[in-house]
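Notes follow the structure.
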Amino acid sequence: MNLYDRLAAQFPADRARPCFLLEGGQISYGELEAGAGRIAALLISKGVVPGDRVAVQTDKTPQAVMLYLATLKAGAVFLPLNTAYTASEVEYFLTDAEPALFVADAVALAAEASPLTPLPASVPRADEDLASIIYTSGTTGRSKGAMLTHGALYANATALHQAWGFTERDVLLHALPIFHVHGLFVALHCAFLSGAPMVWLAKYEDAPVLAGLAPSTVMMGVPTFYTRLLNNPGFTKDAAAHMRLFICGSAPLLESTFGEFEARTGQRILERYGMSEAVIITTNPLVGERIAGSVGYPLPGVALRIGGGEATGVIEIKGPSVFSGYWRMPDKTAEDFTADGYFMTGDVGRQDRDGRVWISGRAKDLIICGGYNVYPKEIELILDELPGVTESAVIGLPHPDFGEAVAAVVIGSGDEAAMIAGLREKLAAFKAPKRIFFVDDLPRNAMGKVQKNLLRQTYAGTFSG
Ligand code: AMP
């Protein structure tokens with residue numbers, strides 16, 4: 001069944017109920033449905049046929065959501081692009097994906113579709129038909145298009161809707177971008193399957209988010225949303241009182257943020273772990289203990305194991321929401337799956353006796369110093385506890401003797417030599433940073449992930465220059 005129909009089946013029976021709560025008004029579920037139907041008719045009239053890619057680089061608007069649903073309804077494949085991409089970056093995606101249509105302005109497209117009759121029935125799609133291609137951020141090598149099917153997206157959506165206890169009484173605060181799985185699939189699908197309204201914000205900004213908390217019950221965010229909220233004195237226990245759930249993911253949540261958040265609001269952030277290739281993989285429990293630093297348990301239906309037979313190693317997963325391969329990269333796809341069908345996520349972690357998963361970072365961020373493996377997270381956790389340190393990123397830099405040497409880039413200030421000496425008492429010599437650099441902020445991508453590849457470039461010559 002077409003994913004669109006499965007989502008629309010859960011829209012509220014009273015289609016006059018709001019879907020988007022906007023600053024100056026609202027848009028109902030009925031209007032969403034009609035808008036998606038008209039744009040679907042327009043896509044078909046422009047020659048889009050089932051399986052065609054529709055590439056989209058557009059502002060975050062309700063019309064962009066209508067376009068997403070319209071693409072599903074027309075049986076085409078939704079290909080969202082980060083609004084920060086430059087023309088030459090977009091050119092790569094267009095060449096690689098060969099879309100039938102590229103939409104740069106969803107509002108204009110919706111206006112063009114407004115005289116049309118909505119497409120009555122969706123184009124039939126099977127579970128294994130492609131619904132979307134999400135290009136990974138590609139910090140090493142070419143960006144790869146993760147192919148997600150109608151069945152995979154629906155399986156994840158229903159698992160999350162249930163795991164997080166969504167109902168029609170919820171109101172979701174939506175301040176995430178919609179070119180990434182988090183804001184696009186995780187957030188929208190939970191709202192749609194509940195027939196719930198969303199407080200719709202074009203992006204994260206303190207004042208509108210604070211105001212938006214009052215009518216909302218659930219917020220989904222990246223860690224930077226939570227640190228920014230905590231930096232705002234207006235964010236009080238009262239301001240969060242109407243909320244039943246704060247969900248966080250897309251990058252590691254610092255234990256200090258989790259702790260400060262609980263101290264301020266009395267609520268424990270629910271951290272979950274996911275990626276473009278599988279949407280959400282693990283989550284802390286809705287009912288039960290949410291532990292700082294752990295990303296919780298595998299979702300029902302997800303088989304998770306640690307590769308290599310070590311306690312800590314690359315996380316491997318299998319399950320109904322795992323992607324079906326990288327677009328036009330059969331060799332890369334084959335490389336990333338084991339013979340028995342597990343996807344090697346590239347994230348290093350461990351699973352404790354209770355089944356909880358703990359992530360220590362990306363495999364490619366692993367540092368090998370004089371032949372010894374160093375997991376950056378172990379050192380970051382210690383650094384983050386030091387007075388004067390807000391956040392840290394530990395990286396490996398080329399070193400003439402050791403191959404790689406450990407260095408730390410730290411938000412904060414302090415005496416470098418004294419700090420290194422202090423760390424040497426707690427850590428084996430090969431693990432202790434040989435240099436600590438103090439900065440005002442760390443480079444991050446749109447989802448708040450620290451870009452260690454940029455740090456490695458910046459400090460590349462430290463030991464070998
Ligand atoms: P993306 O495909 O852009 O969504 O990036 C996925 C990657 O983000 C994962 O492979 C992890 O490395 C990272 N990630 C997502 N959620 C978490 C989390 N809760 N804790 C740590 N890393 C995370």
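The values are calculated or read from the model by the stated rules, or taken from the named source; none is laboratory data. Since this is a predicted model, take the numbers as computed values, not measurements. Quick reminder, even Gly has a Cβ in these numbers, built from the backbone with ideal geometry, and neighbours come from all protein chains shown. Keep in mind that these areas ignore ligands, DNA and RNA; they rest on the heavy atoms of the full protein, side chains included. Shrake-Rupley method; radii C 1.70, N 1.55, O 1.52, S 1.80 Å.
How much of the accessible area of the chain, in percent, comes from carbon and sulfur atoms when a 1.4 Å probe is used?
53
Where does the charge balance sit around Asp384 when Lys and Arg score +1, Asp and Glu -1, over other residues with C-beta under 14 Å from its C-beta?
Working: positive: Lys377, Lys426; negative: Glu255, Glu260, Glu378, Glu380, Glu385, Glu391.
After counting each charged neighbour, the total is -4.
Within 10 Å, count the other beta carbons around each residue, average over each peptide in 255-261, 420-426, and list them highest first.
Packing proxy ranking, top to bottom: 255-261, 420-426.
Considering the options Ala339, Ala292, Ser256, tell which one lies farthest towards the positive end of the dipole of the chain, charges being +1 on Lys and Arg and -1 on Asp and Glu at the Cβ, about the Cα centre.
Looking along the dipole axis, the top candidate is Ala339.
Under 29 Å between alpha carbons, and skipping anything fewer than 8 positions from Lys60 in its own chain: which lysines qualify?
Lys46, Lys73, Lys144, Lys203, Lys449, Lys452
From the mean inverse distance of alpha carbon pairs (Kirkwood) and the Cα radius of gyration, derive Rg over Rh for the chain.
0.97
In a shell of Cβ-Cβ distance under 14 Å around Ala41, excluding Ala41 itself, what net charge do Lys and Arg (+1) and Asp and Glu (-1) give?
+1
Any idea what the dipole of the chain comes to, in debye rounded to 20, about its Cα centre with Lys/Arg Cβ at +1 and Asp/Glu Cβ at -1?
320
In degrees from 0 to 90, rounded to the nearest 10, what is the angle of the helix 416-426 Cα long axis to the longest principal axis of the chain?
90
What value, in deg cm²/dmol to 500, does the helix sum -39500 (n - 2.57) over DSSP H runs of n ≥ 4 give at 222 nm once divided by the residues of the chain? Write out the running numbers ahead of the final one.
Values: 14 runs with 136 residues, N = 465.
Calculated mean residue ellipticity at 222 nm is -8500 deg cm²/dmol.
Put +1 on the Cβ of each Lys and Arg and -1 on the Cβ of each Asp and Glu in the chain; which of Ile39, Pro233, Ser137 then has its Cα farthest toward the positive end of the dipole?
Of Ile39, Pro233, Ser137, it is Ile39.
Report, in debye and to the nearest 20, how large the dipole of the stretch 42-146 comes out about its Cα centre when Lys and Arg carry +1 and Asp and Glu carry -1 on their Cβ.
Computed about the Cα centre, the dipole is about 120 debye.
Output the 0 to 90 degree angle, nearest 10, between the alpha-carbon long axis of helix 150-163 and the longest principal axis computed from the alpha carbons of the chain.
Roughly 70 degrees, rounded to the nearest 10.
What is the chain's relative contact order, in percent, from Cα pairs under 8 angstrom and six or more apart in sequence?
Taking the mean separation of contacting Cα pairs over the length of the chain, I get 10 percent.
Any idea what angle helix 87-97 forms with the longest principal axis of the chain, computed on alpha-carbon atoms, 0 to 90 degrees, nearest 10?
Helix 87-97 and the main axis of the chain meet at about 70 degrees.
Run the dipole for the stretch 367-458 about the Cα centre, Lys and Arg Cβ at +1, Asp and Glu Cβ at -1, nothing else charged, and hand back the magnitude in debye, nearest 20.
Numbers: 10 positive and 12 negative charges, 62 e Å.
Around 300 debye, computed over the stretch 367-458.
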